[in-house]
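A quick write-up on the structure given underneath.
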Amino acid sequence: MCTHDPRLAFENIARTVKRGGELYCMVYAPTYHSSEFVLRSRRRYHRELKTAEERAAFLDELTANDRENAINYQDMLNTFYNWTIDEATLEGWCSAYGFSKPVFLNAQEPHKGAHHILARKL
């Protein structure tokens with residue numbers, strides 16, 4: 001997800017996995033990073049706030065009740081290469097590069113921000 005071309009990154013990693021080996025992958029899910037809260041926060045951060053001081057104050061505002069996750073909020077606001085990948089795309093990539101249907105390890109997680117998958121090379 002933190003690359004210019006996530007499919008190419010997946011392809012390159014997939015080539016290193018031997019038959020019978022497993023691939024674990026974590027990518028951002030569109031559920032959180034495409035939410036109205038995130039999109040609204042990014043618009044404000046990048047379009048309305050002009051100085052580093054204004055942006056730092058906004059980050060303090062966002063993390064007022066969640067200080068231990070301040071770095072995650074900073075990442076959320078500056079996602080230039082943090083692509084979001086949906087489940088169907090991940091399943092397609094696994095199939096295209098010779099893997100089993102992926103197991104979504106956190107499928108039951110409410111409001112998940114990422115997909116954690118495990119797939120076996122066939």
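The values are calculated or read from the model by the stated rules, or taken from the named source; none is laboratory data. These figures come from a predicted structure and were not determined experimentally. Here the Cβ positions follow ideal geometry from the backbone for every residue, glycine too, while neighbour counts run over all protein chains shown. Only protein heavy atoms, including side chains, enter the accessible area calculation; ligands, DNA and RNA are left aside. Shrake-Rupley method; radii C 1.70, N 1.55, O 1.52, S 1.80 Å.
Numbers at a glance
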| item | result |
| --- | --- |
| Selection within segment 40-95 - β-branched (Val, Ile, Thr) and closer than 16 Å to His115 by Cα | Thr84, Ile85, Thr89 |
| Selection status of Arg19, farther than 19 Å from Pro102 by Cβ and either of a type in the set (D, E, K, R) or modelled with pLDDT under 90 (or both) | no |
| Top-ranked residue of segment 27-38 - restricted to ones that are assigned to a helix (DSSP H, G or I) and open to solvent by 60 Å² or more (accessible area, probe 1.4 Å), ranked as farthest from Leu77 (Cα to Cα) | Thr31 |
| Lone unmet requirement of (1) open to solvent by 80 Å² or more (accessible area, probe 1.4 Å); (2) of a type outside the set (A, V, I, L, M); (3) assigned to a helix (DSSP H, G or I) for Arg19 | (3) |
| Residue satisfying all of: in segment 5-16; part of a helix (DSSP H, G or I), open to solvent by less than 70 Å² (accessible area, probe 1.4 Å) and farther than 17 Å from Lys101 by Cα; modelled with the highest pLDDT among these | Asn12 |
